[in-house]
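Values quoted throughout were computed directly from the atomic coordinates according to the rules given, and no laboratory measurement underlies them. Since the model is a prediction, treat every value here as computed from it, not as a measurement. FYI the Cβ positions are ideal-geometry reconstructions off the backbone, even for glycines, and counts take in every protein chain you see.
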């Protein structure tokens, strides 16, 4: 009996907590500031554009007839948004063998599982919306090539609003970011707007911290006598002194592309690795490979991609990675080679842009009464076998009302 009581099969097992391996960071997204999400009923987005009038009131002789000028013209633009939607399917085995995470004994309910899945799908949807917000200023286009859906929306931002630094800021010994920014600020002359804010990520911050010209200004501003001294406060003071009292934000938010390898990779040179899905990854991306036991994690640089085979020629690893090892590629919304200047316009003249959501038949909508906005829906299919489908999505695209609303410089 004592042997039976002490059996490991009857000994309670305890889990202390639940850990998200790589939690989503949707709470750090800031794109709402530049392009808020707006709901608009109907299948299409249409808006009027008032053309500029310009000039000044004319001089006339006393008693003469007033000169006639033509009122400013009006144009119109429209587009049909894209559809973003995905689902998770739960079967009988998914809802009858539920264990509450963090516990061996406690069972979870199907409702709790559905809620958890909706949270995960909503995080992916928020990431898609944030990604869309940054495509007009960053890429001057939005390109989709997924699930046999292929299209490109061009935003036609004038080339003068998309300058390239020379020398590039990555050449820290000779580049002059201060003069570049002073020059680019003047690009908004005649647009009716003014510079509001600078957006860049930590890679550009590093270029600025190491830049010889910027470091040479430290002593002038602070009488520091130490050219090697640099901090965010000092950089902000240099901006304020030599450029102007503009806001700036170091924005490093982004998203992970996650895939898994098909074959083992031993220590040494890496050539090619077949993976589940390489979409979104690109040559020169620095990715991380992690072993299943998390004993090893290393950086690898992509040389090229063909389908779902990634070429890592030129990369070596010291760890051993079994098949199904995770590869993740972190993409920042503001890339490592862009410096973005946000322009603001007078109140009442309209926004720079918006992410417009139009009607959908899911969620609060239906086939007879579609509604705009993000949607989430749970469908219980009483067929054989029974299933539960959890669907989340949005019908939307970013609209850039003002082509001169951003100055996006290539700096590396």
- Message: If I model a spin label at residue 209 and residue 46 as a point 7 Å from the Cα along the Cα→Cβ vector, what separation in nanometres do I get?
- Response: 5.3 nm
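Rounded to the nearest 0.05, what FRET efficiency is calculated for residue 380 and residue 39 with R0 set to 22 Å and r the Cβ-Cβ distance?
So, using R0 = 22 Å, E works out to roughly 0.20.
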- For segment 179-311, state the average projected area of the convex hull of the C-alpha atoms over all orientations, rounded to one decimal in nm². 12.5 nm²
- Item | FRET E, pair residue 267, residue 368, Förster distance 60 Å, beta-carbon r, rounded to 0.05 | 0.45
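How big is the Cα convex hull of segment 254-332 in projection, averaged over all directions, in nm²?
4.4 nm²
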- Quick P(r) readout (segment 339-412; Cα-Cα; 10 Å bins; whole %) gives 16, 27, 23, 18, 10, 5, 0
- Query: What's the long-distance tail for segment 274-412, i.e. % of Cα pairs beyond 22 Å?
  - Reply: 66 percent
- Message: Return the equivalent ellipsoid semi-axes of segment 167-208 as a descending list in whole Å, where each equals the square root of 5 times an eigenvalue of the C-alpha gyration tensor.
- Response: 23, 13, 6
- Difference of contour (0.36 nm per residue) and Cα-Cα distance, residue 412 to residue 320: 29.7 nm
- Listed with the fewest Cβ neighbours within 10 Å leading, 168, 367, 400 appear as 367, 168, 400
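If I stretch the segment between residue 330 and residue 162 completely, what's the gain in nm (0.36 nm per residue apart, minus their alpha carbon distance), one decimal?
Working it through step by step, the gained length comes to 58.0 nm.
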- Note on the structure: Rounded to one decimal in nm, the spacing of the 7 Å Cα→Cβ label points at residue 182 and residue 32 is 3.9 nm
- Task: Counting other beta carbons within 10 Å of each Cβ, put 408, 261 in order, fewest first.
- Result: 261, 408
- Determine, for 255, 321, 155, the number of other Cβ atoms within 10 Å of each Cβ, and report the residues in order from fewest to most. 155, 255, 321
- Message: Rounded to two decimal places and with Rh computed the Kirkwood way over Cα pairs, what is Rg over Rh for segment 145-239?
- Response: 1.10
